[in-house]
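Just below is one structure, and these are the notes that go with it.
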Amino acid sequence: MSSDGPPREETEGRGNGDGRWLEYQLEQAMRRWGYSAATRVSVYGLEIDVAAQRKEKRDRPTDWLLAECKDWDSRLVTEDELFRLCMLAFTCGAMPVLCHTTELTERAEEIARKWEVRVLTLEDLHRGDLPAPNALGPSDDLFEYRYRMTGREQRGRLPFVFHDKPNSQFTYVPGYEPSGRTHEYRPIEDDEGEENTGGGE
């Protein structure tokens with residue numbers, strides 16, 4: 001397990017069941033990245049650790065973020081935590097972020113890739129901007145030349161009965177659709193054929 005960060009027993013907000021320290025670290029990183037951020041907010045009665053909105057919009061899905069922090073010493077982040085985060089992000093029309101000091105189960109890592117969750121460690125909080133989601137898992141091969149599918153390509157399709165439904169492509173934020181193999185998005189054209197301006201992230 002990870003032992004990053006200051007000693008738990010000597011740091012306020014890092015006690016058993018107390019995640020305030022990591023929530024604060026993420027909030028401060030988001031502010032440096034150009035977001036207005038708030039901790040411990042409610043989404044229809046369910047608490048989420050950090051919600052953020054970019055101060056100067058770039059017309060990208062990452063203008064809105066919803067984050068969960070797991071400052072755990074010995075527990076693994078499971079798929080349940082990822083599914084809850086994704087559900088709340090869909091509800092808010094925001095991109096999901098998981099910030100953690102532990103490790104993810106293999107299934108949780110798979111969910112994070114396929115649902116395009118940005119998974120951040122303490123080291124990531126010192127970067128100059130919000131990191132992109134992981135599109136590929138690590139390879140066991142020393143030299144690999146075969147085509148490798150990204151999480152977006154591996155996740156499959158919606159049920160057949162939804163294939164002719166308008167705007168049925170994967171997206172957290174309304175008005176955007178996936179573009180490319182990894183994590184890019186593009187604005188969806190409106191009924192008049194005009195694009196919603198902006199780029200994808």
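A compact table of results
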item: Tally, over region 181-196, of residues that are at pLDDT below 75 and either within 23 Å of the chain's Cα centre (by Cα) or surrounded by 10 or more Cβ atoms within 10 Å (Cβ to Cβ) (or both); result: 3
item: Region 10-56, residues that are of a type in the set (Lys, Arg) and modelled with pLDDT under 95; result: Arg14, Arg20
item: In region 70-83, the residues that are in contact (Cβ under 8 Å) with a residue 24 or more places away in the chain and either among the basic types (Lys, Arg) or in a helix (DSSP H, G or I) (or both); result: Lys70, Arg75, Glu79, Glu81, Leu82, Phe83
item: Region 47-69: number of residues that are touching a residue at least 24 places away in the same chain (Cβ under 8 Å) and either in a loop (DSSP other than H, G, I, E, B) or surrounded by fewer than 20 Cβ atoms within 10 Å (Cβ to Cβ) (or both); result: 4
item: Matching entry among Pro174, Pro178, Pro166 (being out of contact with any Pro (no Cβ under 9 Å at 6 or more places or on another chain), open to solvent by 50 Å² or more (accessible area, probe 1.4 Å), modelled with pLDDT of 80 or more and more than 30 Å from Arg14 (Cβ to Cβ)); result: Pro174
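The values are calculated or read from the model by the stated rules, or taken from the named source; none is laboratory data. The shown structure was predicted, so the numbers you read here are calculated from the model rather than taken from an experiment. Neighbour counts are summed over all protein chains in view; Cβ atoms, including those assigned to glycine, are modelled from backbone coordinates with ideal geometry. Each accessible area value is taken on the protein alone, full model and side chains, heavy atoms only, with ligands, DNA and RNA left out. Shrake-Rupley method; radii C 1.70, N 1.55, O 1.52, S 1.80 Å.
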